[in-house]
Amino acid sequence: MSTTWRDEARCRQTGPDFFFLRHYKPNDHRVVAAKQTCERCPVRVECLTEALDSERTTGVTSHDGIWGGYTPRERDAMRTGRAVSNLIATHGTYQAWLFGCRCDTCTQAASVGTADPQPEAA
Ligand code: SF4
Ligand SMILES: [Zn+2]
């Protein structure tokens, strides 16, 4: 049995109801509270990476829930490159691209380093 980032997730203490809300209005106190929990979470980057990667791979609009401190709408903006996350992500990495950076080095990294194999390499 290997441990995963989920073992260290701060939301293990609060339970999922804390993060899956009926709506995600920015000033709602439940949204604010969930985001504050994520901000102190040691595996925030891993959590956000998995959410963005999964959403990108499956091609769905965002999954429900706050992941890594971001609402579904905020993750949509990241995936489509309309917003760059202020989370630490080094340029030139797939992760930074997932987080919304579309600079040349991150775009290049994404083209060769995606988690899922490309169907045709030709
Ligand atoms: S970042 Fe937030 S949602 Fe993700 S594991 Fe941590 S507390 Fe849970
Ligand atoms: Zn970049």
Next on the checklist: Nearest 500 deg cm²/dmol is fine: what mean residue ellipticity at 222 nm does the chain get from its DSSP H runs of n ≥ 4 alone, each adding -39,500 (n - 2.57), divided by its residue count?
Outcome noted: -12000 deg cm²/dmol
Item to check | Sequence of CYS41, CYS47 once ranked by neighbouring C-beta atoms within 10 Å, starting from the fewest | outcome: CYS41, CYS47
Checklist entry - Hey, in the GNM for the chain with a 10 angstrom Cα cutoff, which one of THR61, THR93, THR37 fluctuates hardest? => result THR61
Checklist entry - What list do you get for ASP64, ASP17 if you sort them by fewest beta carbons within 10 Å? => result ASP17, ASP64
Checklist outcome for this item: Largest fluctuation, ALA34, ALA51, ALA83 only, Gaussian network model of the chain with Cα springs under 10 angstrom, belongs to ALA83
Next on the checklist: Please arrange CYS38, CYS106 by how many other C-beta atoms lie within 10 Å of their C-beta, fewest to most.
Outcome noted: CYS38, CYS106
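Taking the Cα centre as origin and putting +1 on Lys and Arg beta-carbons and -1 on Asp and Glu beta-carbons, what dipole magnitude results for segment 5-83, to the nearest 20 debye?
Working: 14 positive and 12 negative charges, 51 e Å.
Here segment 5-83 has a charge dipole of around 240 debye.
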Checklist entry - Which cross-chain or sequence-distant (5 or more) residues have an amide H under 5 Å from the amide H of GLY92, H modelled 1.01 Å from N in plane? => result CYS106
Item to check | Compactness of segment 1-58, expressed as Rg and Dmax over alpha-carbon positions, Å | outcome: 12.4, 40
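When only Cα pairs under 8 Å and 6 or more residues apart are kept, what is the percent relative contact order across segment 5-77?
With pairs under 8 Å counted, the relative contact order is 34 percent.
Read the figures in this text as sums done on the coordinates, not as results from a lab. On a predicted model such as this, the values are computed, not experimentally measured, just so you know. Note that we place each Cβ from the backbone using ideal geometry, even for glycine, and neighbour counts take in every protein chain shown.
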